[in-house]
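Below is one structure; the comments refer to it alone.
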2 protein chains.
Amino acid sequence: MTTKWQTGSFQLMKSMNRSLILNIIRQKEPISRAEIAKLTKLTPPTVSNLVKELLQTGIIIERTLGESSGGRKPTLLTLNGENFHVIGLDVGSKDIKVIITTLSCKLLKKKCFPIPESINNDKLLELIIDSIHSIKSSEEIDEKKIIGIGVAMHGIVDPEKGESVFAPNLNLHHIPIKAVLEKEFDMIVKVENDARTMSLGELWFGNGMSSESFVCINVGRGIGAGIVINGKLFHGNHSISGEIGHMMIDVNGPKCPCGNYGCLQTFSSGPAIAEGVKKLLRLGHSSLIEELAENNLDKINAELIYDAAKKGDQLCTTALQQAGYYLGIGLTNLIHLINPAQIIIGGGVSNAHEFVIEGVRKTVSQKALTESAKNTEIIISKFGADATVIGAVALILVELFSSKSAA
Amino acid sequence: MTTKWQTGSFQLMKSMNRSLILNIIRQKEPISRAEIAKLTKLTPPTVSNLVKELLQTGIIIERTLGESSGGRKPTLLTLNGENFHVIGLDVGSKDIKVIITTLSCKLLKKKCFPIPESINNDKLLELIIDSIHSIKSSEEIDEKKIIGIGVAMHGIVDPEKGESVFAPNLNLHHIPIKAVLEKEFDMIVKVENDARTMSLGELWFGNGMSSESFVCINVGRGIGAGIVINGKLFHGNHSISGEIGHMMIDVNGPKCPCGNYGCLQTFSSGPAIAEGVKKLLRLGHSSLIEELAENNLDKINAELIYDAAKKGDQLCTTALQQAGYYLGIGLTNLIHLINPAQIIIGGGVSNAHEFVIEGVRKTVSQKALTESAKNTEIIISKFGADATVIGAVALILVELFSSKSAA
DNA sequence: GGTTTTTGTTTATAATTAAATTTAATTAAG
DNA sequence: CTTAATTAAATTTAATTATAAACAAAAACC
């Protein structure tokens, strides 16, 4: 145990209480000092002192008086969210999504920039910088209010260095995002894997608020997992945790681009579903999708399959259900290993959730070993395709609201 | 986040520092106050005050003076381990192992009691009680010094209730171990799953001391995992984490007693290895093991296979290597999910590690996706078959040395 | 209008850590 | 052999912070 031991100190004590109060305000705003004291079990003076400091930093403000229930009217406190803005990016395989929000994640502006076919590290970094400049200088935005930039990136990310180690869908290696952005914009920059930002977004603004141990599954071109344990994002030793897409569930199964056999990704990812449908069509099966794709197999992708399924096509419905079945196998393995209270499914597939999720739930309840495992709550992210970029914003909020930060 | 928020308070501060000092003494004994202050970055008076309290409780004592390096000789402090004893039990499928040790896990006495073929909850509890009485009243033992009983149990355990929920190898359900033992012996009783106690033992006394995020794999009749994250045992939401034995790695593979197909356990557990060998023999393959088993297939078990392999038998060697291969698949999946710094393999199979572990390592380095994953350290527990029962002792030490406890 | 309730502040106190000082013991240098 | 320097431990004093209790102000209720 070569731990960096945490010693009990005055600073720690104060910093714990400050972040405690700040987080209570964030979650329960508007709220009075007295209410905070009651909820946190801190004494009123302690709350008053720390609130005074927080007011000075400007991160919270006093609002109008609230309604009394038989006594002095409470002075309500809220985050001064409007005065602090955060930029979030989602660097996907086809485009870069940029948003700017308040501290409460109220969307102020959203833009999208396509990534050209042929790209290299420098061009991508340039594109990222341009996209940030573009949203920063929008008319409605006061640039001085921006406090940080969070970046979500698919593939393997080293969040400490702030580097994209490998982005398979762009086929790029070692992109020093954090270093470059910090130099360009001179503010906090955080970089994280997309599945992990997704779960952070859920933790701060989504379904995760009711639970503190859950897993987010990001199903799209790949399949990634973001693991939250005790209200904290779990990274693992070298930040490669959550690579559920390459969980081998059929060692004698089909070959995966990664070189192994029977990876979950070869069954349940968007491209895998499309490939399966194409194969059936080539074998002579017929489906509504042929019409939708104008009889061009190359035009078939997961979205089109979803459209066809929605229109009642049996072949496509079955394909999606089967993807759900295999995803359920993978999730059962995950449940048996880390036993989360909740699993939240998001990413591209969440559009087609009505067809997929039943298969997932059914498989888990069939294959899991114990009652509690069978009953693991499996839900769909309510943020849909934006889950990742919202998580990117949350990356910065963690910095701001966490214990160490002095606001 | 419905967390029980921890407020910063004087008690917390002091309790953190006390446990910090206690743990430093445990790990570095003998050690002087000045040295503690240097290591912990606490100030000398803080250390002196807390050491005074700890001396009063009797848990530590002042030893002879140490060597000076040019100044006043330091007063060395050590745990008063000899004055506090802990009982550890390992309730396996065939027998109950009981040990009694000092706080430093120095073995004082060890006993073993066979579990009869037909058993029920009451009989098992009686047997457990008798075994504890037996070791308690040994001549060498001063009963007054015993402070707690730790119990390791295979299968699904609810550590909060202190109950064995399901013990597959004994086919027993809902055994209220903690309640019964606390009533009988009136001291701290902790009950935990065997793989998890194993990893706790490694954390406190074994290989885990150099790392704070690792996984212990207990391979025997079943396969279980104990996960340690940031120096803490990980339980998951309903304490069923670590059920790696039923990770499905071949969905179209052989049926497992659990009802699913292709569980890791059907490839790499002791019984599975034996079954595989028997099958080959029935098909007419020949092996040295026929001689060792006196041509009685029923006598073939994992241990005998290991003996044969050690004598150079090819069939048995291959069988063990193949078990290692599949275990490697399971561990690769685990590495991709939770990315531990280290994997420690123990349990029955650790006897045959020379044949198994190479297969495991080779598979992981072939199948893992990144360099760091490939290089995950995979080692054998140095405690061998005793790893579990040592962990049972550690269960009590956690209580004693953890932050909340006032010793 | 008086009483009660609620909110928030002030004042004083207690529990700690933090810093500076003192005492003691030992070694090394002169 | 003496003295200075060094290290260890204990003690004193100061600073920091939470806590407790008292208090003031405002509103609601009777």
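Brief remarks on what is shown
- Given charges at beta-carbon only (K, R positive; D, E negative), |dipole| of chain B in Debye: 1320 debye
- Of interest is the spacing of the C-alpha centroids, which for segment B:221-281 and segment A:121-195 amounts to 41 Å.
- Estimated from helical segments only, the mean residue ellipticity of chain B at 222 nm is -12500 deg cm²/dmol, where each DSSP H run of four or more residues counts as -39500 (n - 2.57).
- Placed amide H near B:Ser381: partners under 5 Å, 5+ positions off or other chain: B:Ile345, B:Gly346
- Dipole in debye (nearest 20) - segment B:153-270, about Cα centre, beta carbon charges: Lys, Arg +1; Asp, Glu -1: 200 debye
- With the label put 7 angstrom out from Cα along the Cα-to-Cβ vector, A:Thr64 ends up 8.0 nm from the copy partners, going from closest to farthest.
- Vicinal HN-Hα couplings computed from phi for segment A:154-167 (Karplus, 6.51 cos²θ - 1.76 cosθ + 1.60; Hz; Gly/Pro x): 6, x, 8, 10, 9, x, 6, 6, x, 10, 7, 6, 8, 10
- Model label sites at A:Asp142 and B:Lys111, defined 7 Å from Cα along the beta-carbon direction, differ in position by 7.7 nm.
- Residues in segment A:210-230 that, when all protein chains are in place, have 30 Å² or more less accessible area than the chain alone would give (probe 1.4 Å): A:Glu212, A:Ile229
- Using the alpha carbons alone, the radius of gyration of segment A:10-79 stands to its Kirkwood radius in an Rg to Rh ratio of 0.96.
- Inter-copy label distances at A:Ser138, using a point 7 Å along Cα-to-Cβ, come to 7.3 nm with the shortest given first.
- Distance (nanometres) between label positions extended 7 Å along Cα→Cβ at B:Asn296 and A:Glu354: 6.5 nm
- In chain B, the DSSP beta bridges split such that about 60 percent are antiparallel, to the nearest 5.
- Accessible surface, segment B:209-382, averaged per residue in Å² (probe 1.4 Å): 40 Å²
- Remark: segment A:10-15, residue by residue, has Karplus-estimated 3J(HN,Hα) of 4, 4, 4, 4, 5, 5 Hz, where x stands for each Gly or Pro and the curve is 6.51 cos²θ - 1.76 cosθ + 1.60 at θ = phi - 60°.
- Per residue of peptide A:36-47, the mean number of Cβ atoms on other chains within 10 Å of the residue Cβ is 1.
- Couplings 3J(HN,Hα) for segment B:117-134, derived from phi with the Karplus relation 6.51 cos²θ - 1.76 cosθ + 1.60 (θ = phi - 60°), are 4, 9, 9, 10, 3, 5, 5, 5, 4, 4, 4, 4, 4, 4, 5, 5, 4, 4 Hz, where x marks Gly and Pro.
- Efficiency of FRET from Cβ geometry, A:Lys279 and A:Ser118, R₀ 41 Å, rounded to 0.05: 0.90
- Look at the stretch A:231-244: the mean tally of other chain Cβ atoms within 10 Å of its residues' Cβ atoms is 6.
- Distances between copies of B:Asn83, taken at a point 7 Å out from Cα along the Cα→Cβ vector and listed shortest first: 5.8 nm.
- Here's the picture: charge each Lys and Arg Cβ at +1 and each Asp and Glu Cβ at -1 in chain A, and of A:Asn230, A:Ala319, A:Ile146 the one pushed furthest to the positive end of that dipole is A:Asn230.
- Cross-linked pairs B:Lys94/B:Lys299; A:Lys28/A:Lys109; A:Lys310/A:Lys374; A:Lys14/A:Lys190; A:Lys278/A:Lys362; A:Lys97/A:Lys136: Cα-Cα separations exceed 18 Å for A:Lys28/A:Lys109; A:Lys310/A:Lys374; A:Lys14/A:Lys190; A:Lys278/A:Lys362.
- Positive-end residue of A:Gln366, A:Thr388, A:Ile378, charge dipole of segment A:352-396 with Cβ unit charges: A:Gln366
- Near the amide H of A:Ser211, within less than 5 Å, lie the amide hydrogens of B:Thr2, all on another chain or at least 5 residues away, with H placed in the peptide plane.
- Taking only the C-alpha atoms of chain A, the Rg (one decimal) and the largest Cα-Cα distance, Dmax (whole number), read 23.2, 78 Å.
- In a DSSP loop and with at most 16 other Cβ atoms within 10 Å, the GluC sites (Glu not before Pro) in segment B:243-306 are B:Glu294.
- Pairing chain B with chain A buries about 5700 Å² of accessible area. This figure sums both sides and uses a 1.4 Å probe.
- Per-residue mean of foreign Cβ neighbours for A:364-372 is 5 (Cβ atoms of other chains, 10 Å radius).
- Spin-label pair B:Tyr261-B:Thr75: with each label point 7 Å from Cα along the Cα-Cβ axis, the two points sit 7.1 nm from one another.
- Student exercise, the protein assembly as shown dipole from Lys, Arg, Asp, Glu Cβ charges, in Debye to nearest 20: 1940 debye
- A:Thr318 accessible area, assembled protein chains, probe 1.4 Å, Å²: 60 Å²
- Dipole orientation for the protein assembly as shown: of the candidates A:Leu181, B:Gly92, B:Cys216, A:Leu181 has the Cα lying most toward the positive pole (charges on Cβ; Lys, Arg +1; Asp, Glu -1).
- Computed with a 1.4 Å probe over protein heavy atoms only, the accessible surface of segment A:10-79 comes to 55 Å² per residue.
- Under 5 Å, built H, 5+ apart or other chain: amide partners of A:Ile223: A:Gly245
- Note on the protein assembly as shown: with neighbouring protein chains present and a 1.4 Å probe, carbon and sulfur make up 49 percent of its accessible heavy-atom surface.
The values are calculated or read from the model by the stated rules, or taken from the named source; none is laboratory data. Bear in mind that the values here come from a model prediction, so they are computed numbers and not experimental data. Cβ coordinates were reconstructed from backbone atoms using ideal geometry, including for glycine residues, and neighbour counts include every protein chain displayed. Areas reflect the complete protein model, heavy atoms only, side chains present, ligands, DNA and RNA absent. Shrake-Rupley method; radii C 1.70, N 1.55, O 1.52, S 1.80 Å.
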